[in-house]
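To keep things clear, I will list the structure first and then write my remarks on it.
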């Protein structure tokens, strides 16, 4: 190996395994179990990132979790992460009081590169907290709204109470010419909205499959059926992008946890196109 | 380089001494309990002289050889993997000031150890180190601790004369004689290569020089009065005869020409149910594998929670927690975990790194309590997929 080059790489760059310190400026509760953390870098240097990338968030002495950045790439301070409170680390993060310092590594991984869809219709398909990793891509598109054709946001959630960023989605519909369609899996008696799976929205949504791009983020089972429904409408697989979730301990392709056959999801992904993913997603437990 | 010498066995101590003088920590095969392991070598007497090993499916035994061979065994129970990539290490240490908004400081734990001289490393294990050079130090992100330990390593390889029944390096193209150069980087594989010749009262090491650094060590050896003499092409032919004989002893085979495609085509093979009925998911194979590199991290803190260390520890794709994300593991069944392991070794590794991830050391066969044999599983998958050549799977 070329050890000289390796030495330069170590000496010349920060060790990606060592976190940078960020202070929590605010914890905003979005739904029953979902919170958005707003973070300011202690060293004052904002984290530049691309839509779709993630970081490793470290609660001191508790542990670390991979979380997609949900903020605006054009306005990276404060740094935003939307988190579901489901484990020890996420509990420590969402319960931290403002001012608490946490560790941040990254950003890691690939981008949605939504600009590839310029000149075409754009379909965002998402479920639950899957809207959070997509939000930076939506903001990228809306920042240059006139470069795109129709913009659709098809959003599914478990119940009406679990709808994430509800006010913001209404603003996108009212002010940014986004066709927002929502559906819920389960609704209380008297609910006026649509009930059913998000896949059902795809079959009827008004976009031109010959010239549309789709960006899909949600639970894997939802992404599999959504990608299949999009392909069924005639979208070629290379114009469907998904964000994959796997166990991750390092974020830099070294720990091996996130492998999906030949892919390291943390480095080759998390955003990958369906042409690459389709044969892998259709094998159980791969 | 074609520079051949003869080193008498009595000169081994001088060789170790020269390496020590040059600041190396000398690491090689040594006896610990009833196993040959990789450990500190202070003198030739630390080597397992006169000891042979018997390795086969779920079998590891040592025996007295009845001769004076220093390297008369196949390979140590553990490879040299932990020398550069220890089973546990501290990535960083942090302190938190509890009275000040949880303000904390983090210090990276740098490697500060003398360079290593690997003495007696086998061709299979040397190839595994080269593979780790690619995996851990040859990509966009590197393991800084690995590089810190690996930098400046001096390699005294010993060609293998006594392969075990579990060995299949010849079939993998990784031994028993080490390649002169790393096929990926072109860098020399070893500084010095020894082949132990032991026949009819003739006990000598044929010494081949691989680098200028190696030549310097040989010159220092000669200057110290050690028994080193010039060798001839005939001596090199003797050395090659030793490894040719060792290759001929090996019976286990992997069909390397087809195995990548066989595994790729076998994702839904019924063979996985069969192997899962035998596999205990005990993780032994991954712990003894010289190329397995998966790790996890653990946060270790004191009772106040204000002093914490982040540890990097070996992990295994056979454990349930390995693939855990919220909601459960993505590989819940043993068949999925075995499929992941063997497919990675013999197929997707090639897609990722341009070489197979198996060096044919046979340790996974030796240490599997169920006797599961990677060569047998690969051959069965080859037969069932119809992709392998019939000759290679008999």
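Just so you know, all these numbers are worked out from the coordinates, no wet-lab data involved. Please read these numbers as outputs of a predicted model, since none were measured by experiment. Every residue, glycine among them, receives a Cβ derived from its backbone with ideal geometry; neighbour counts consider all protein chains shown.
Go ahead and set up a Gaussian network model of chain A, Cα springs under 10 Å, then flag whichever of A:106, A:61, A:119 fluctuates most.
Sorting by GNM fluctuation, first place goes to A:61.
Express the C-alpha Rg of segment B:43-112 as a ratio against the empirical globular expectation 2.2 N^0.38 Å, rounded to two decimals.
Details: Rg = 22.5 Å, N = 70, 2.2 N^0.38 = 11.1 Å.
So the Cα radius of gyration is 2.03 times the expected 2.2 N^0.38 Å.
Using Cα centres only, tell me the gap between segment A:115-141 and segment A:143-211 in whole Å.
First find each Cα centre; the distance between them is then 12 Å.
How would A:191, A:155 line up from fewest to most surrounding beta-carbon atoms within 10 angstrom?
Details: A:191 12, A:155 25.
Going from sparsest to densest Cβ surroundings: A:191, A:155.
Using alpha-carbon positions, what is the distance between the centroids of segment B:226-245 and segment B:283-312, in Å?
The two parts, judged by their Cα centres, are 44 Å apart.
What does segment A:114-281 give for Rg and for Dmax, in Å, if only its C-alpha atoms count?
So, for segment A:114-281, Rg and Dmax equal 15.9, 51 Å respectively.
When the distances between all Cα atoms of segment B:259-393 are binned every 10 Å from zero, what whole-number percent does each bin get?
Once binned at 10 Å, the Cα pair distances of segment B:259-393 give 11, 38, 33, 11, 5, 2, 0.
Give the average, rounded to an integer, of partner chain Cβ atoms located within 10 angstrom of each Cβ in A:256-268.
Working: counts 12, 11, 3, 9, 3, 11, 10, 3, 2, 0, 1, 3, 1.
Mean partner-chain Cβ count within 10 Å for A:256-268: 5.
In a Gaussian network model over chain A where Cα atoms closer than 10 Å are linked, find which of A:198, A:125, A:62 has the largest mean-square fluctuation.
Top of the fluctuation ranking is A:62.
Using only Cα atoms, locate the centre of segment B:113-185 and the centre of segment B:1-31, then give the distance between them in Å, rounded to an integer.
18 Å
To check you understand DSSP bridge types, tell me what percent of the beta bridges within chain B (both residues inside) are antiparallel, rounded to 5. Please report the intermediate quantities before stating the final value.
Values: 50 of 60 bridges.
DSSP beta bridges in chain B are roughly 85 percent antiparallel.
Using a 7 Å offset from the Cα along the Cα-to-Cβ direction at both residue A:285 and residue B:245, what is the distance between the two label points in nm, to one decimal?
Using points 7 Å along Cα→Cβ, the separation is 4.7 nm.
What fraction of the Cα pairs in segment B:1-149, stated in percent, has a spacing above 20 angstrom? Could the numbers behind the result be given before it?
On the way: 6745 of 11026 pairs.
Every Cα pair in segment B:1-149 considered, those over 20 Å come to 61 percent.
Counting pairs of alpha carbon atoms under 8 Å apart in space and at least six apart in sequence, what relative contact order in percent does segment B:259-393 give?
Details: 168 pairs, mean separation 46.7, N = 135.
Computed value for segment B:259-393: 35 percent relative contact order.
How many Cβ atoms of partner chains, on average, are near each residue of B:325-333 if near means within 10 Å of its Cβ?
Working: counts 11, 7, 4, 0, 2, 10, 4, 2, 2.
The per-residue average across the peptide is 5.
For chain A, what is the mean residue ellipticity at 222 nm derived from helices alone (per DSSP H run of n ≥ 4: -39500 (n - 2.57); sum divided by total residues; nearest 500 deg cm²/dmol)?
Value at 222 nm, helices only, nearest 500: -7000 deg cm²/dmol.
Can you put A:102, B:4 in order, fewest other beta carbons within 10 Å first? Walk me through the numbers before you get to the answer.
Values: A:102 25, B:4 19.
With the fewest neighbours first, A:102, B:4 line up as B:4, A:102.
Could you give the alpha-carbon Rg of the protein assembly as shown over 2.2 N^0.38 Å, rounded to two decimals?
Working: Rg = 28.7 Å, N = 680, 2.2 N^0.38 = 26.2 Å.
In units of the globular-protein estimate, the protein assembly as shown measures up at 1.09.
Compute the Rg to Rh ratio over chain B from the alpha carbon atoms, using the Kirkwood formula for Rh, and round to two decimal places.
Working: Rg = 22.4 Å, Rh = 22.4 Å.
Dividing the radius of gyration by the Kirkwood radius yields 1.00.
May I ask you to sort B:64, B:377, A:220 by Cβ crowding, counting other Cβ atoms within 10 Å and putting the fewest first? Walk me through the intermediate numbers first.
Working: B:64 8, B:377 22, A:220 16.
Ordered by Cβ neighbours within 10 Å, fewest first: B:64, A:220, B:377.
Using a Förster distance of 41 angstrom, determine the FRET efficiency expected from the C-beta separation of residue B:313 and residue A:85, and round it to 0.05. Show your work: numbers first, answer last.
Details: r = 27 Å, r/R0 = 0.66.
Efficiency for this residue pair is about 0.95.
In whole Å, what are the extents of chain A along the principal axes defined by its C-alpha atoms, from largest to smallest?
Here the spans come out as 56, 45, 39 Å, largest first.
By how many nm would the segment from residue A:26 to residue A:220 lengthen if fully extended, with 0.36 nm per residue of separation less the alpha-carbon distance? Could you put the intermediate results ahead of the total?
On the way: separation 194, 0.36 × 194 = 69.84 nm, distance 3.02 nm.
So the chain would gain 66.8 nm between residue A:26 and residue A:220.
Could you work out the helix-only [θ] at 222 nm for chain B, with each DSSP H run of four or more residues adding -39,500 (n - 2.57) and the total divided by the number of residues, to the nearest 500 deg cm²/dmol? Numbers along the way, then the final one.
Numbers: 15 runs with 122 residues, N = 394.
Value at 222 nm, helices only: -8500 deg cm²/dmol.
Using a Gaussian network model of chain A whose springs link C-alpha atoms within less than 10 Å, name the residue from A:255, A:266, A:217 with the highest mean-square fluctuation.
A:255
Which order do the peptides B:360-367, B:152-159 come out in when sorted by mean C-beta neighbours inside 10 angstrom, highest first? The partial results should precede the final answer.
Details: B:360-367: 26.6, B:152-159: 22.2.
Those peptides, ordered most packed to least, come out B:360-367, B:152-159.
Show me, bin by bin at 5 Å from 0, the whole-percent P(r) of segment A:91-192 based on Cα pairs.
Going out from 0 Å in 5 Å bins, segment A:91-192 shows 2, 10, 19, 18, 16, 14, 12, 7, 3, 0 percent.
Please average, across the residues of B:140-149, the number of beta carbons from any other chain that are within 10 Å of each residue's own beta carbon, and give a whole number.
Numbers: counts 5, 13, 10, 8, 10, 3, 2, 7, 4, 0.
Rounded to a whole number, the mean comes out at 6.
I need the semi-axes of the equivalent ellipsoid of segment B:1-80: take the C-alpha gyration tensor, multiply each eigenvalue by 5, square-root it, list largest first in whole angstrom.
Numbers: eigenvalues 119, 46, 30 Å².
In descending order, the three semi-axes are 24, 15, 12 Å.
Got the relative contact order for segment A:114-281 handy, in percent, Cα pairs under 8 Å and 6 or more residues apart?
On the way: 290 pairs, mean separation 34.6, N = 168.
Result for segment A:114-281 is 21 percent.
For segment A:3-108, what log10 I(q)/I(0) values come out of the Debye formula at q = 0.10 1/Å, with one point per alpha carbon and no solvent?
-0.28
Pairs of Cα atoms under 8 Å, at least six residues apart: use those to get the relative contact order of chain B, whole percent.
Working: 780 pairs, mean separation 83.0, N = 394.
Answer for chain B is 21 percent.
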